[in-house]
Structure formats: C-alpha cells, structure tokens
Amino acid sequence: MLSFKKSSKKAIIISLLIFLILSPLIYLSLHIFYITEHDLQETSKDIIKKSSNDSEKVKSIIKWEQKEFIKKSDTIDKDWEIHLRYLSNDSIWFLFWKKGSCEERALIFEDMAERTNLNYRKIKINGFIKPQKEKEPIINDHRWSEVKLNEVKSKNKWKIADSGFNLSYPNSNKTYFTSEWGAYFGHVSVLNKKGTT
C-alpha cells in the first residue's frame with residue numbers, strides 16, 4: 001500500500017512536470033498556427049477588398065509588412081537565429097518571432113502575394129550590392145520579389161516588390177539599385193515559386 005502511494009505521487013509529479021514543460025509549447029503552436037494564420041487570412045481578404053488592381057495589392061502588402069513586421073523587427077544576427085532559416089521557410093514562423101532580414105521579409109511578402117492572387121517570382125543576389133561611391137559593398141547578399149502586373153502597359157510586366165527597402169511600382173522600378181545607387185551587383189538569380197531557375 002505504501003509503495004503504491006509513493007509511485008502514485010511520483011506519477012503525479014512527473015505528469016505535472018510534463019504538463020508544465022509542454023504548456024508553453026502548446027501555446028506557442030496554437031499562437032503560431034491558428035492566431036497568426038487567422039490574422040494573415042483576414043489581412044489578405046482586406047487587401048483584396050480594398051485594392052482595385054495588382055499594383056495596389058503590392059503597395060498594401062508592403063505597407064502592412066512595414067507596419068506589422070519591420071518596425072518591430074530586428075535582423076537575424078545571432079548564430080541560433082540564423083539556424084531558424086534552415087528549420088522553416090514558413091512566413092508564419094518569422095511573423096511570430098518578428099525577426100528577419102531580407103530573406104524572411106521576402107518570404108512574408110510572397111506568402112501574402114500568394115494569398116492575394118499575385119503572380120510573383122523570387123530574386124536573389126549571391127554576391128554583393130556596392131554603390132559606386134562606396135569603397136566596400138554595403139550588402140553582401142539580398143533577396144526580394146518581383147510581381148507580374150498585368151495593368152502595366154509595357155512589354156516587361158515584372159516589377160520590383162522589396163519590402164526591406166520599401167520599393168514597389170510605379171515609384172520604384174527594377175533598376176532602382178543601379179539607377180538610384182549606381183550600384184554594382186554580384187550574381188543575380190531569378191527563381192520561380194518553387195525556388196528553381
């Protein structure tokens with residue numbers, strides 16, 4: 001009888017410890033996958049409702065991202081945070097932590113572009129951006145998006161959408177870095193939605 005009470009007490013303590021350890025993880029999962037997902041769905045519906053064309057959708061997404069993510073965000077700078085990139089490419093993860101650099105910001109933009117029916121592609125520089133007046137590159141690599149805007153009356157309908165630098169058509173064009181900064185680039189890759197060239 002005494003042994004049963006001891007083992008029962010031990011089981012209760014172990015169960016309580018497991019509950020205390022798992023509770024924050026359960027809350028975190030619920031917050032990330034339900035609350036954040038719901039917010040994204042509602043925001044994308046609102047953007048579609050208030051936009052009369054694709055250019056307005058792009059501007060609204062970048063404005064939303066600047067407000068909700070970038071102002072509260074820090075860049076990813078610690079070793080453990082850098083590894084977050086390799087754990088998930090899901091924008092919800094980075095919105096939850098409110099941390100990220102151009103890569104994460106582009107992922108968030110592309111998630112919202114998908115939700116608002118925008119045709120986009122991924123742009124990545126594996127190299128550098130160096131303005132002519134600078135001695136050293138100011139950015140070692142960079143990632144942004146381009147969207148295909150059907151309302152644009154030109155042959156090239158692909159236009160810049162860079163929430164990190166707050167760039168979108170018609171105020172900014174694809175040549176922003178070269179025309180405004182006089183920048184030199186490293187290798188530039190254009191990737192489709194699946195990440196292949």
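The values are calculated or read from the model by the stated rules, or taken from the named source; none is laboratory data. Keep in mind that what you see is a predicted model, and the values were worked out from it rather than measured. Note: ideal-geometry Cβ built from the backbone for every residue, glycine included; neighbour counts use all protein chains shown.
Considering only residues in the stretch 139-161 that are at pLDDT below 90 and of a type in the set (D, E, K, R), the one that is surrounded by the most Cβ atoms within 10 Å (Cβ to Cβ) turns out to be K159. Hey, any hits in the stretch 66-74 for a residue that's hydrophobic (A, V, I, L, M, F, W, C), in a helix (DSSP H, G or I) and modelled with pLDDT under 75? Yes, the stretch 66-74 contains a residue that is hydrophobic (A, V, I, L, M, F, W, C), in a helix (DSSP H, G or I) and modelled with pLDDT under 75. Only a single item in (1) under 21 Å from G100 (Cβ atoms); (2) modelled with pLDDT of 80 or more; (3) buried (at least 18 other Cβ atoms within 10 Å of the Cβ); (4) not small (G, A, S) is not met by F165, and it is number (3). Those residues that are out of contact with any Leu (no Cβ under 7 Å at 6 or more places or on another chain), modelled with pLDDT of 90 or more and either surrounded by fewer than 19 Cβ atoms within 10 Å (Cβ to Cβ) or part of a loop (DSSP other than H, G, I, E, B) (or both), I need them from the stretch 112-127; list them, please. Within the stretch 112-127, E114, T116, N117, L118, N119 meet the criteria.
Any residue at all in the stretch 76-95 that is loosely packed, with under 15 Cβ neighbours inside 10 Å and at pLDDT 80 or above? Among the residues of the stretch 76-95, not one is loosely packed, with under 15 Cβ neighbours inside 10 Å and at pLDDT 80 or above, which makes the answer no. When K57 is tested against the conditions (1) surrounded by 11 or more Cβ atoms within 10 Å (Cβ to Cβ); (2) more than 15 Å from the chain's Cα centre (by Cα); (3) at pLDDT below 75; (4) charged (D, E, K, R), the lone failure is (3).
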